[in-house]
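What follows is a single structure, written as structure tokens, with notes after it.
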Amino acid sequence: MARIEEITLPRERQTAARWRFNATALLFMGPAIALVLVFFIAPVIITFAMSFTDLATSTGLSNWQWIGPENYARIFRSQFWLPILGNTLVYVAVVLAFNVIVGLGVALLSVHMEPKAGGVFRALWLLPRISPSVVYALMWTWAAASPPFGMLNYVVAPFGLEPRYWIQSDPWLIVIFINGFVGASFGMLILTSAIKAIPEDLFRAAQVDGASALQVIRRITLPLIKWPILFVLVYQTMSLFASYEYIYLTTNGGPGLFATETWSLWAFHSALSNYYGNLEFAYGAALAAILVIMGLGISMVLLRVFRFGQLVAEPRVEVD
Amino acid sequence: MSKQPSRGVDLSAYRVSRRRFLMGTGALVAGVACSTTPVSSGTQAPAASAGTLEMAAWTIGPDAPSYYRRDNLISAVEPLNKALAGKPTVKLDATFESGGQWGDYLQKFTLAAEAKTSPDIILAGHENLAPWVGPNYIIPLDDLIKKYQSEGDIKDVIPNLWNAMKLKGKTYGVPQDTEARPMYYRKDLLAKMGWTKDKIDGLPDAVKKGDWAWPDFVATAKEAIAKGVVGPGMGWYTRTSKGADVYMFYYQNGGEMQDAATGKLVITKDALQKHYQVHADAVRNDKILTQAIYGMDGKIFDQTVMDGKVLFFNAGTWKWSDWQTTYKVPAQSLWDNVGFMLIPAAQKGGKPVTVSHPLAYAVTSNAKDPDLAFRLIANATTPDLNSRHSVTSAHLAVLTTQADDPTYKQDKFLLATGYMLDFTKFIPNHAKFGIYDDVLYRFLGAVEQGQVTPAAAVDSAVKELQGQIGDELIVK
Amino acid sequence: MATVVAPVPGRSRWLVLMPYVVLALATLPILVLYVWLFYSSFFPRVEGFRPIGDLTFDNWRFLWDPASVPQMRNRPPVIPLTVNTLLFATLTSLISLLVSSMAGYAFSRLRFKGRRVFLGGVLLLHSFPSVTLLIALFVVLRTLGLYDKLVGVILVQTAFALPFGIWIMKGFFDNIPWDLEMSALVDGAGRLRTWWRIMLPLVKPGLLALGILLFVEGWNQFLLPFVFMPSGSQQTLSTLVRGILGEGRFVDYGLLTAVGLYYIAPVLILFVLAQDQLMRIYSGGVKG
């Protein structure tokens, strides 16, 4: 851990430096702050406010009214909020595990081979992430299709599994796989770079000492990439809470009674996706508000547990 | 970590490239900003000259053969301009969405309507109009219809169709086309089962009269599977996704969807349960319908039924044309092997049903000249224009006069299915119908999957409906 | 700086082969999917792994003869759409880079009030489902007069890309030894000059990698351009693909895979060429 060194400027430059610091900070942060304020903060506030109205396509943007917590009451009147919540937690947990474990696995495996080969594998794993979601989902839909078209059926036939329409019979499997392959690439990317950044001398020293590959991984690699793993964990958790696109494009929350519906998808469906155009913006906003609180809560817990403070190390150069 | 002296670092190599980068980016951004002129959708731009009125219209298929929805409006410009004699001259910018999804199209309109950039004329399903009435996206047309009775062929619109255009007594759309959703059947498979040609040909009539009803339907499908004429679960393929025709079975069992007086949505518990039971039985007990039907890929559905692997299947009348164009089934082969009839009545002696989903042209509140916009629509509503659309896309006539139109008359299929409009029902015009439908459809899926029994489904569904749209719902 | 655990003489062969075998098996599904995408676009129909019909370029005729494709008959031609998509992706990438590298630098080097809050906030912002912001954003864009304009959508996309971009740039800046800056600062160079002249060139790999990722995200983006730029002339390729997907009733998988492949192709090429830079995106990850 690098130590933070302090520089002391001559007295008369100190005050000037501090003043310049705040202005400088403003300059550098300015564009980001402006964008975030206008396109994140403002809409977030508007969305929260909206959740207390009855804004929908039936009211239009000019005809709405304040209705207090009615939307929230309506959410809990639904028989589905609990199952959907359950789905969301399961979805996040399982896909997260897949992402991190597989991502780490691929990262580790791909550095223990010829660099070119490793590169090829990593490139393949990155394909899902860089593909347009529509196209990628299309591929999985086709793979999961019923006979004679679906690919999966041909794959499992030798194992004696009956051919089926996977999206209906095993929707969770599809959901987990499609999201997993995309998410794993994120972890793989980050962790591979992290592993590669570990100075070679450490590895050589270990080899000289006769350590096995497994020991090297356990004792050297893993501890040194602790923070990237943490970053991946936290970032992916929050990503997963908010993600719904692939589910929407394949099972669409089905089949039937919200079998694979997650909270974010529920919000999306209510606010933006009704077959007959009955978009319930305010209701969706209420759902989103709850989602945000959930996401926030979990992130806080995660960050606290992994000591966020250390992740946000103080800046290196402090001019006082 | 090597130390580099602060002075003497040769940055000159960077200098030029940085500047160039900056200039390049700046130029690019400036170029885009300049090229991104404020979008004039035709309704906002000032008229090119005092005597020109520019109008915009949006239409959609999504089936590709329905492009006359746009082209008819374009064809209507000439007669309109002739009538106007230059005061002013109308120019039309009309678009047609081929492929794509209804939801996206409708949302696009909603957002545009709010931003006051919507077109003058919008084509939509009749039930889409209801939610647009509240926020005033579209205008009532009753006065205009009265005023321009003789424009185009407005006065000859099939009367029953106007009902589908009304909300609380006011009319909001002009019917553009309609269709029916028959029950198709494979003649070749029935023949294999031993049916005589007469019996096969006489089937639609028997259904129409109520002589051949749902119990017969189920029995026949079971027999087909038992005899190996079709594979298991392939006796009957119903609709694979959401849509108006799902409600055919609700209506078949006497269900009601809208209260005429108050305009509120209605749910008839008994009918709902029977509707669910029909599906549950088909999938689980009688096993004539495959469980994979719910959410089955549309292309797989079409391929399978066109390959002659399914005995009975539900589809719209427009599919007849689509099967020929997109799936390249020769017309004669279709006539020889595929028949069509109404949905059989629930019991012998009952009334068969089908559902129609008329599309409508509506005039938006953003129209610069509502009178002219309406007149354009009226001029597009003539026997010859409507007929060419009907024939090309296999939709049914909206005008009584179309039955005499030479183009229309040539289409055997349309003529043969025309009678179905006498038995047809519509889905309601209500701003919250989408929510109603969402709940009921989900439970239908659950019933088909065997996740819940029909009785339990009805109770839960009604409870959910009451929780979500309680004040707009009447439970019977 | 490749980290490869070189095989020690005497190490059992299976240990050397093991990574290959395991990874090959794990990667197989992905390979299969993309191979399907590829060859399905050259056949009229594919059942499972078996193509039906002869090898054909028929599906690709949307490129040179769109009029003959029913689904394309009423859409803007492919070239302008491609240009639009390119423009959108490039601009969002560049602007995001600029803003992210400025903010990333600030987070890395400057100490200012609320820094921690900001940093945490940046991460938390990411958790807000972007889709439900859509409606509120509509209001914001309309108020600013940016609705239905390319600029508006670019700004939204840039804003959404910020959390990730800032984190990444901060990471890169963190790994640069501060003595360089210190000397420059002590010598009287302002922060801005230091950043521009010294820091940015040093994080060039990071800029490149991030830029490419952002470009790809912009290229693949569907929801934002579609919802906020509804007029036909400024559509992007993603809308085209989605449009052909239809409502499941009229899907032509041959055509769809051909269009999909066309859409993916530039990104794939880009990735193959710039793979190294991308891998470096989190170089120097030893933190803490």
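Every number here is computed from the coordinates shown, using simple stated rules; none is lab data. Since we're looking at a predicted model, the values are computed, not measured. With ideal geometry, Cβ positions are generated from the backbone for all residues, glycine too; neighbour counts draw on all protein chains shown.
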Using a Förster distance of 51 Å, the FRET efficiency for C:Leu86-B:Lys82 (Cβ separation, nearest 0.05): 0.70
With +1 at each Lys and Arg Cβ and -1 at each Asp and Glu Cβ, the charge dipole magnitude of the protein assembly as shown around its Cα centre, to the nearest 20 debye, comes out at 3080
Taking the Cβ of B:Leu84 as the center, what net charge do the other residues with Cβ under 13 Å away carry, scoring Lys and Arg +1 and Asp and Glu -1? 0
Taking a quarter of the surface of the convex hull around the Cα atoms of region A:72-319, what do you get in nm²? 19.2
Under DSSP H, which helices of chain A have Cα atoms covering 27 Å or more of the helix axis and a Kyte-Doolittle average no less than 0.5? A:81-111, A:171-196, A:281-305
Going residue by residue through region C:207-222, the Karplus relation 6.51 cos²θ - 1.76 cosθ + 1.60 with θ = phi - 60° gives ³J(HN,Hα) values, rounded to whole Hz and with x marking Gly or Pro, of 4, 4, 4, 4, x, 5, 4, 5, 4, 4, 4, x, 5, 7, 5, 10
Length released on extending from B:Asp188 to B:Asp471, taking residue separation times 0.36 nm less the Cα-Cα span: 96.8 nm
Averaging sequence separations of C-alpha pairs under 8 Å and six or more residues apart, then dividing by the length of region A:72-319, give the relative contact order as a whole percent. 24
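Between A:Ala73 and B:Asn160, take the C-beta separation as r, use R0 = 51 Å, and let me know the FRET efficiency to the nearest 0.05.
Efficiency for this residue pair is about 0.80.
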If exposed trypsin sites (Lys or Arg not before Pro) are those in a DSSP loop with at most 16 other Cβ within 10 Å, what is the longest stretch of chain A that has none? A:4-306
Can you list the residues, at least 5 places off or on another chain, whose amide H is less than 5 Å from the amide H of B:Phe340, using H built in the peptide plane? B:Tyr185
Working from Cα positions, state the angle (0 to 90°, nearest 10) between the long axis of helix B:454-469 and the longest principal axis of chain B. 30
For the protein assembly as shown, calculated [θ]222 nm from helices alone, where every DSSP H run of n ≥ 4 adds -39500 (n - 2.57): -17500 deg cm²/dmol
Report the local net charge at B:Ile225: Lys and Arg +1, Asp and Glu -1, summed over other residues whose C-beta lies under 13 Å from its C-beta. +3
The exposure ranking of A:Asp209, C:Asp174, B:Asp177, fewest beta-carbon neighbours within 10 Å first, is A:Asp209, C:Asp174, B:Asp177
Final fewest-first order of B:Val218, A:Val106 on the 10 Å Cβ neighbour count is B:Val218, A:Val106
For peptide B:426-439, what's the mean number of Cβ atoms from other chains within 10 Å of each residue's Cβ? 4
Work out the FRET efficiency for B:Asp369 and B:Lys197 from their Cβ-Cβ distance, taking R0 = 56 Å, and round it to the nearest 0.05. 0.45
With no solvent term and unit scatterers on the alpha-carbon positions of chain B, Debye gives log₁₀ I(q)/I(0) at q = 0.08, 0.10, 0.12 Å⁻¹ of -0.55, -0.79, -1.07
What do you get for the angle between helix B:102-114 and the principal long axis of chain B? Use alpha-carbon atoms, 0 to 90 degrees, nearest ten. 40
Along the positive direction of the dipole of chain A (beta-carbon charges: Lys, Arg +1; Asp, Glu -1; about the Cα centre), which of A:Phe149, A:Trp166, A:Ile229 reaches farthest? A:Ile229
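Can you check how the C-alpha radius of gyration of the protein assembly as shown compares to 2.2 N^0.38 Å, as a plain ratio?
Compactness ratio reported: 1.00.
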Name the most mobile residue of A:Leu108, A:Leu124, A:Leu265, meaning the one with the largest mean-square fluctuation, in a Gaussian network model of chain A with Cα contacts below 10 Å. A:Leu124
Relative to the longest principal Cα axis of chain B, at what angle does helix B:383-393 sit, 0 to 90 degrees, rounded to 10? 80
Return P(r) of region B:198-241 (all Cα-Cα pairs; 10 Å bins starting at 0; whole %; ordered from short to long distances). 26, 45, 29, 1
Choice from A:Tyr283, A:Tyr275, A:Tyr235 with maximal GNM fluctuation in chain A (Cα, 10 Å cutoff): A:Tyr275
For C:Phe215, B:Phe423, what's the fewest-to-most ordering of other Cβ within 10 Å of each Cβ? B:Phe423, C:Phe215
Measuring from centroid to centroid over Cα atoms, what is the spacing of region B:164-207 and region B:377-455 in Å? 10
